[in-house]
Amino acid sequence: MAFEFRQATLENGLTVIAETDPTAHTAAVGFFVKTGARDEPRELMGVSHFLEHMVFKGTERRTPDDVNRDFDRIGADHNAFTTGELTAFHAHVLPEHLGTATGIIADIMRPALRQADFDEEKGVILEEIAMYDDNPFWRLWEHANERYFGAHPLGHRVLGTRETVGALTRDQMKEYFDRRYGAANTVVCAAGKLDFDAFVEDVRRTCGGWRRGETGRTHPAFHAHEERVEVAMPQANRAYLAWLCPAPSTQDPRRYAAAMVAQVLGDSEGSRLYWSLIEPGIAEEAQMQFDGHDGIGEYVIYAACRPEDVERVDGIVRSELARIGDDLREDELARARAKVVTAVTIGGERPAGRMRRLGALWLYRGMYASLEDELARIESLAADDLRSVIREFPLRPSLRALVSPASG
């Protein structure tokens, strides 16, 4: 492949990175800010996600309609997202429009934060919270995550709560924005067909005047504890279960083996949980995933079943988790590895996928690793690597959460 990695740092601390590919037919750009729900004071929970909305409400130069029209004029496929650890704004365009797309995103990332827009959007956010609160899986995840992490800020809800969003003021948002959306806490990345030097100059012209801002985040100690959480949801017609247990962080080299353990146990098709729960009709859904975070990680297992089958499903899940370290087979590892390699390769075929990978990788690890390097790490995994991470991070859920028509 003809990819070349390039890097530059502006005088104000803003990092610019790219994977250039002269054979690509498109280009993608993303602005990644190292701030999310875990970086919010608990009383401001939800402000990062709220800010993501406000960015599209216009600037001193653009109205909200102007923002949409300007993206449409260049045919941009654009969007944004907020997680517990980062906020990103991105666009995928034809190469000749990369500079324009970069300029639009740079402008909207200095939003006007008008009071009228803030008041209007607060209602939208509160409706979004209410909508998700009616979703059993979302309610399950929020309660499970909140109780599992306890006082650790990774337990913060990305959307916030009715109380925190309802009480949030425009001035509090502005103060948070000024601290966390600084140049030194932002990475601008691109991928595809582009002239890197010209791209850096576009970023310098539009972002060179940004203040440096606050960087870093707190990393309080976390200790998993045994707990069962049960939430009644009368309108639900199924029971929804989640189990959480510690796993490597996203900086830990053991993350590759941990992700493969989750694939073998809980892929949506052909995994151990699939054959033990879904195929025999005991559960409607049963999956497992590895979630690596900044400095910490966890395994998440979830399932949906008839309320009367909750304890049966719980027993089967715990049995599968307990025995995989002893009877892991090379053939199931080979199948899981092939599926992961295929998915990762497909995701890297488009500049947008490479851009998103590049931005997240840099924010989490502060370094570059090519897609080919990561594929080689995955390909090299052996059964002993998986057994080793299972020994070091035992698959014994410390928390089980249940959402059902009636609490147990």
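The values are calculated or read from the model by the stated rules, or taken from the named source; none is laboratory data. Only a predicted model underlies this, so the values are computations on that prediction, with no experimental measurement involved. Methodologically, a virtual Cβ is constructed for each residue, glycine included, from the backbone with ideal geometry; neighbour enumeration extends over all protein chains shown.
Would you mention how many residues in region 169-197 are touching a Gly at 6+ places or on another chain (Cβ under 7 Å) and either farther than 16 Å from THR87 by Cβ or assigned to a strand (DSSP E or B) (or both)? Going through region 169-197 one residue at a time, the tally reaches 2. Take TRP243 and decide whether it is at pLDDT 95 or above, part of a loop (DSSP other than H, G, I, E, B) and either surrounded by 16 or more Cβ atoms within 10 Å (Cβ to Cβ) or of a type in the set (Val, Ile, Thr) (or both). In short, no. Only residues that are part of a helix (DSSP H, G or I) and within 28 Å of THR82 (Cα to Cα) were counted across region 378-408, and they come to 1. The set of residues in region 254-298 that are outside any helix (DSSP H, G or I), without any contact (Cβ under 8 Å) to a residue 60 or more places away in the chain and out of contact with any strand residue (DSSP E or B) (no Cβ under 9 Å at 6 or more places or on another chain) comprises GLU269, GLU279, PRO280, GLY281.
Condition check ((1) closer than 24 Å to PHE177 by Cα; (2) without any contact (Cβ under 8 Å) to a residue 60 or more places away in the chain; (3) of a type in the set (Asp, Glu); (4) not assigned by TED's automatic domain parsing to the domain that holds VAL200) across all residues:
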{"position": "PHE50", "(1), (2), (3), (4)": "yes, no, no, no"}
{"position": "ARG61", "(1), (2), (3), (4)": "yes, yes, no, no"}
{"position": "ASN68", "(1), (2), (3), (4)": "yes, yes, no, no"}
{"position": "ARG73", "(1), (2), (3), (4)": "no, yes, no, no"}
{"position": "ALA80", "(1), (2), (3), (4)": "yes, yes, no, no"}
{"position": "ALA91", "(1), (2), (3), (4)": "yes, no, no, no"}
{"position": "ARG110", "(1), (2), (3), (4)": "yes, no, no, no"}
{"position": "ARG114", "(1), (2), (3), (4)": "yes, yes, no, no"}
{"position": "GLU127", "(1), (2), (3), (4)": "yes, yes, yes, no"}
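Scan GLY192, GLY160 and give me the residue that is in contact (Cβ under 8 Å) with a residue 60 or more places away in the chain and in contact with a Pro (Cβ under 6 Å, 6 or more places away or on another chain). Explain how you work it out, then say what you get.
On the way: GLY160 fails: in contact with a Pro (Cβ under 6 Å, 6 or more places away or on another chain).
Testing whether each residue is in contact (Cβ under 8 Å) with a residue 60 or more places away in the chain and in contact with a Pro (Cβ under 6 Å, 6 or more places away or on another chain) leaves just GLY192.
Filtering region 180-214 to residues that are modelled with pLDDT of 95 or more and at positive phi leaves only GLY192.
Within region 318-340, being among the hydrophobic types (A, V, I, L, M, F, W, C) and part of a helix (DSSP H, G or I) holds for LEU321, ALA322, ILE324, LEU333, ALA334, ALA336, ALA338, VAL340. Selection within region 154-198: residues that are aromatic (Phe, Trp, Tyr) and surrounded by fewer than 23 Cβ atoms within 10 Å (Cβ to Cβ). The member of this set that is farthest from ASP21 (Cα to Cα) is TYR176.
Within this structure, THR82 fails the test of being under 26 Å from ALA198 (Cα atoms), touching a helix residue (DSSP H, G or I) at 6+ places or on another chain (Cβ under 6 Å) and either surrounded by fewer than 20 Cβ atoms within 10 Å (Cβ to Cβ) or modelled with pLDDT of 95 or more (or both).
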